[in-house]
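See below for the structure under consideration.
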Amino acid sequence: MRRFVTFLVSAALTTGALLAPVVATESEASAQEIQLTGPLAGAPAARKLRLYREGRFELAPTASFTLLDEYRRTILFGGRLQYHIKDWLGVGLWGAYGVISSTTDLTDQIGTVALRNSRTAANLAPNGAFGDQTAKMTYVAAPQITFVPFRGKLAIFQKIFVDTDAYLHGGVAFVGLQERGDCGAAGQPLCTDPKSFELASRTAIAPTFGLGLNFYVGELLSIGLEYRALPFSWNRAGFDSRGSGNNGKFPNVPPKIDDQDQTFKFNQMITIALGISLPTHAKVSD
Amino acid sequence: MDQARPAGSSPVGYKRRAPRSAVRIFTCALALGAGLSFALSAPSAYAQKRGGAKPKPPATGAAAGGEIELDAPAAGQPPAAGAGGTVELDQPAAATPATPPPAPAGEGGGICEIDPSACPKQADIKAAQNKTINAEIYAVQQIYALRARRFEVNPYWAFGLNDQFVSHPGPGLAANYYISNVLAVGVNGTLYAGLNGDSDFNFENRRATRVAVPLNEYQWAAALNFTYVPMYGKFAGFSDFIFHYDAYIVGGVGAISTRPIPVIDPDNRNFSFEPKVAFNAGLGLRIFLNRWFAATLEVRDYIYNEKLENTNPLIGQTQQQLQDKNNWFGENRLTNNVQAQVGLSIFLPFSWEYRLPK
């Protein structure tokens, strides 16, 4: 009996000795899946995180620069006020006012080169600069939600280390515009009338979304870089370009400017921000 | 197991007599083998390879401490030769003394014994303490994805960021070799032919203002580049996983083949593609999905001198003048083709050995 028991033990150990390297080798294939059984078992991917956002307000002065403009560029100055319910979720408002508005080279070229005659009378002011009839973005107000799925750190030249987060934002934008007023319809001035080239105010409602990076230089201050899209239709040049013909893609006869002349534009801008978070100290996760 | 012990025998004596010798030794050897197999296989579970840890030499004698014996002999007695009942993990050879003989007084052993004049003195040690050492310790060692001496193959899709008038999308391929972890030399090429798109905006603008904007289309671009990687970091995604990324700047020189799209006189003008010298500079972001596979996003500005179509009025020109190619081109203008390049990076070889410890 004793020999039999010893034999069984020997056989079991032999099997164990042979299988041990095989089992151990299989676990080698997945380097990231460490079979943790110690105190780190079940622990989160990152611990002792500075929770820069959770339970804090962020007030950030911003400067935004429009991109890929055809006729007029705008620089908007404003601010962003946000409250982060969680470290990964915030609600807030971004608002900015178009302070600087400059014409593009195309606008200047049209203003100086284009002939003023009967063929262009409805689209170019007879005496004024063409830039004066191009549309302007005067303000933007956007209630929005910010989602912060990624946070980490960045090393620059192995010298400077900054905590960084990447976020997505989305909301509804109320965009104040000044664009050429309607003309050519009953009760409206003729589109060849110089008065018809004056700009009228309008508010466009558009979705807004984008992504950004925040670089935390301390618990109080952060530097932000953000991309924002504001797709909506507007008549940027003040032309009568749509409304009749095949699919309505030809000018009206006689000329008429209305909302059909507003063409879709995927408006884009880059924003830089200086964030101030309150209260001044951030919590630290477990 | 005491009940199996012969009556009147002490535990030590029982061990020293060691019955059932062959089977018992085999059993214990297998147990040790199993344990050692696990122990030796354990490092394979680490995510990072261990660097430089050499196996510890076997301790000798009782002075080594921590010695494990399954069946230790009685204190002061050598194991009984041929008894076959003792298995020890760290037992020195029977002929090996328990401790090495002490060095003679006044000799340091080693170099002091061979050449007393070279034996370090107290003053030498003090001088050595003050000596500046170039310790290769970096802020971050064993970076997740090393680039040094690896090839990067980067297929991408390019699309213009400032092409309101004519879009220039196209596939491209970049290949870089990293001379060091932060510096690479490489080439890239983009094919635009057949993919240029003249937007509705051009037509509508011409129709409304009777002003023609000269347009150009691209055929291909190629460049020799240098890449510098000053920034890297890592992100925790959803507090659940971690991914690494780096940011780089890139610049170089090459050529871009372009031609005007005839707008002013499409009936007579038919332009051919011509390569022009193009300088480029850009920024890129690379997100590592594993140690050899990454997603890339790059914004690069290709700067070149573009030949535009002649926009002078055609009125009054003869047919011969209209067909004269010398009259087709107008001004040259420094042009910026800013394009985004979204792609994937594959690093070769796939694996490497870390030089620095973690």
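What single numbered condition from (1) among the polar types (S, T, N, Q); (2) away from every other protein chain (no Cβ under 14 Å); (3) more than 23 Å from A:Ala166 (Cβ to Cβ); (4) surrounded by 15 or more Cβ atoms within 10 Å (Cβ to Cβ) fails to hold for A:Gln82? A:Gln82 satisfies every listed condition except (3).
Residues that are within 13 Å of A:Leu106 (Cα to Cα) and either more than 14 Å from every other protein chain (Cβ to nearest Cβ) or assigned to a strand (DSSP E or B) (or both) within region B:197-223 comprise just one, B:Leu215.
Checked against (1) at pLDDT 75 or above; (2) aliphatic (A, V, I, L, M); (3) out of contact with any Phe, Trp or Tyr (no Cβ under 7 Å at 6 or more places or on another chain), B:Ala145 passes all but a single condition, namely (3). The residue that is surrounded by the fewest Cβ atoms within 10 Å (Cβ to Cβ), among those in region A:183-229 that are among the acidic types (Asp, Glu) and under 20 Å from A:Thr146 (Cβ atoms), is A:Glu219. For the residues B:Val185, B:Val229, B:Val253, the requirement of being in contact with a strand residue (DSSP E or B) (Cβ under 7 Å, 6 or more places away or on another chain) and either outside any strand (DSSP E or B) or surrounded by 18 or more Cβ atoms within 10 Å (Cβ to Cβ) (or both) singles out B:Val229. Can you pull out the residues in region A:150-164 that are facing another protein chain (nearest Cβ under 8 Å), crowded, with 16+ Cβ neighbours inside 10 Å and not aliphatic (A, V, I, L, M)? Of everything in region A:150-164, those that are facing another protein chain (nearest Cβ under 8 Å), crowded, with 16+ Cβ neighbours inside 10 Å and not aliphatic (A, V, I, L, M) turn out to be A:Phe150, A:Arg151, A:Gly152, A:Lys153, A:Thr164. Just give me the residues in region B:158-183 being within 23 Å of the chain's Cα centre (by Cα) and not polar (S, T, N, Q), in sequence order. Across region B:158-183, the qualifying residues are B:Gly172, B:Leu173, B:Ala174, B:Ala175, B:Tyr177, B:Tyr178, B:Ile179, B:Val182, B:Leu183.
Quickly run through region A:108-125 and pick out the residues that are buried (at least 22 other Cβ atoms within 10 Å of the Cβ) and β-branched (Val, Ile, Thr). The one that is buried (at least 22 other Cβ atoms within 10 Å of the Cβ) and β-branched (Val, Ile, Thr): A:Ile110. If you filter region A:230-265 down to residues that are closer than 19 Å to A:Ile75 by Cβ and within 13 Å of another protein chain (Cβ to nearest Cβ), you find that the one that is surrounded by the most Cβ atoms within 10 Å (Cβ to Cβ) is A:Arg236. So is B:Tyr245 within 14 Å of chain A (Cβ to nearest Cβ), farther than 18 Å from B:Asn162 by Cβ and crowded, with 17+ Cβ neighbours inside 10 Å or not? Yes: the conditions hold for B:Tyr245.
The values are calculated or read from the model by the stated rules, or taken from the named source; none is laboratory data. All of these numbers come straight from a predicted model, not from anything done at the bench. Cβ: placed from backbone, ideal geometry, glycine included. Neighbour counts: every protein chain shown.
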